[in-house]
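Let me begin by presenting the structure, written as structure tokens, before commenting on it.
The values are calculated or read from the model by the stated rules, or taken from the named source; none is laboratory data. What you are looking at is a predicted structure, and each value in this text was computed from that prediction instead of being measured. Every residue, glycine as well, gets a Cβ built from its backbone with ideal geometry; the counts of neighbours run over all protein chains shown. Side chains included, ligands, DNA and RNA excluded: accessible areas come from the protein's heavy atoms. Shrake-Rupley method; radii C 1.70, N 1.55, O 1.52, S 1.80 Å.
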Amino acid sequence: MTAPSQKPRYSVVVPVYNTGDCLRDLVTRLQCVFADTIKASFEIILVDDGSMKESTKTLLEDLAREDGVMVVRLTRNFGKPGAILCGLEASRGDWMITIDDDLQQSPEDIPLLIAHEGHDMVTATHARKQHTLLQRSTSWIKAIFDRAVLGYQVKLSPLKLIRRHVVDGMLAIKTNRPFIPALIRQVTNDVASVPSEHCKSAQGRSRYSFKKRWGQFSDLLVGNSNFLMQVFTRLGFVVAGLSFALAAGVIARKLMGIPTQAGWSSLMVAILLIGGLNLAAIGITGQYFIRLLDITSKKPAFVIRERMGAPPAK
Ligand code: UDP
Ligand code: MG
């Protein structure tokens, strides 16, 4: 632990949403790991992402009284990435550690990440996740896109160790729809991974509804990359090329005197295909514009209601 005025070596950022007593266990286990194994100064920043449960609010007020624990409450539910970004902004350490509040990642694995401090970012990777089939399939799809869109060679976990200058770079990027892996990728390619176990959630049900997962997924695709634009541009060229080839074929048959059948169905297919592609491309372009509008109107990624506990010495 560290005195409030001193800069700690490590800042642990935990997004919190309608959580239970496991948060107290997490804080205790973090304190033990830092005191017994890591033996370095640290602070714990709990960011309450607009929890509605009274028990969570009381628990956070309680934890804010602990040494080295700071609680930041947001005005409403902004989503996990906004909460993490808020925690990173409040942090003072040389290294930031992000971890979920439901003990699915073990605080005891943090020293494994610290052993790779030569890199800008170290992520835990979980070979097998304690998730439902739906959660597993969405994180599988997300992993594919993390690789295809963002170029990550490793599977990411919420348990990450991030160097201060990377965090500063991430915070300099102005976005109201943050996607943490994309922000990290904007700043560095120097990423290492450490295998670690994924435990059963101490919270029971996921607080990440399908709608929230989908929202973040579309933030990755539209808000944090030009992937869809590229796909549709290439598809547009391919479809246009095909129609040229078809037209050339029809002309060649005419010239050779081969009778051509007026094909109503193929014409309809072509019209629908082109029409569909056009509509999709217009829709995606529209989404990019909405995101641009969000940024130009300076919509925030999070708004702080209050701070409790150790104040930042920045
Ligand atoms: N979380 C958040 N805001 C939300 C939903 C979740 O800050 O709107 C946090 C939650 O407190 C936890 C992390 O995101 O620390 C992951 O949530 P959860 O364990 O429910 O999701 P899953 O394990 O299914 O990804
Ligand atoms: Mg979880």
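Are any residues in segment 102-122 in contact with a Leu (Cβ under 7 Å, 6 or more places away or on another chain) and within 16 Å of ligand 2 (Cβ to nearest atom), and if so, which ones?
L103, Q105, P107, D109
Scan L267, L220 and give me the residue that is open to solvent by 70 Å² or more (accessible area, probe 1.4 Å) and either at negative phi or part of a loop (DSSP other than H, G, I, E, B) (or both).
So the residue among L267, L220 that is open to solvent by 70 Å² or more (accessible area, probe 1.4 Å) and either at negative phi or part of a loop (DSSP other than H, G, I, E, B) (or both) is L267.
Can you confirm whether I141 is surrounded by 18 or more Cβ atoms within 10 Å (Cβ to Cβ) and away from ligand 2 (no atom under 14 Å from the Cβ)?
On the way: surrounded by 18 or more Cβ atoms within 10 Å (Cβ to Cβ): no; away from ligand 2 (no atom under 14 Å from the Cβ): yes.
For I141, the condition - surrounded by 18 or more Cβ atoms within 10 Å (Cβ to Cβ) and away from ligand 2 (no atom under 14 Å from the Cβ) - is not met.
Could you go through segment 118-140 and let me know if any residue there is more than 13 Å from ligand 1 (Cβ to nearest atom), under 15 Å from the mean Cα position of the chain (by Cα), at pLDDT 85 or above and of a type in the set (D, E, K, R).
No, the conditions are met nowhere in segment 118-140.
Given the conditions (1) more than 30 Å from R136 (Cβ to Cβ); (2) among the hydroxyl-bearing types (S, T, Y); (3) surrounded by 12 or more Cβ atoms within 10 Å (Cβ to Cβ), and given that S225 satisfies all but one, which numbered condition is not satisfied?
Single failed check for S225: (1).
Could you say which residue among K155, K160 is crowded, with 20+ Cβ neighbours inside 10 Å, under 14 Å from the mean Cα position of the chain (by Cα) and either modelled with pLDDT under 95 or under 22 Å from V27 (Cα atoms) (or both)?
K160
In segment 170-217, which residues are polar (S, T, N, Q) and either away from ligand 1 (no atom under 14 Å from the Cβ) or in a loop (DSSP other than H, G, I, E, B) (or both)?
T175, N176, Q186, T188, N189, S193, S196, S201, Q203, S206, S209
Just to verify a result, which residue in segment 100-138, among those that are open to solvent by less than 40 Å² (accessible area, probe 1.4 Å) and part of a helix (DSSP H, G or I), is farthest from R205 (Cα to Cα)?
I114
Condition first: part of a loop (DSSP other than H, G, I, E, B), modelled with pLDDT under 95, surrounded by fewer than 19 Cβ atoms within 10 Å (Cβ to Cβ) and of a type outside the set (G, A, S). Can you find one or more residues in segment 28-43 that meet it? Steps first, please.
Initial filter on segment 28-43 (part of a loop (DSSP other than H, G, I, E, B)): 39-41.
Next, from what is left, pick out any that are modelled with pLDDT under 95: none.
Within segment 28-43, none of the residues are part of a loop (DSSP other than H, G, I, E, B), modelled with pLDDT under 95, surrounded by fewer than 19 Cβ atoms within 10 Å (Cβ to Cβ) and of a type outside the set (G, A, S).
Give the residue, chosen from S193, S243, that is closer than 28 Å to C22 by Cβ, more than 16 Å from ligand 2 (Cβ to nearest atom), open to solvent by 40 Å² or more (accessible area, probe 1.4 Å) and of a type in the set (S, T, Y).
S193
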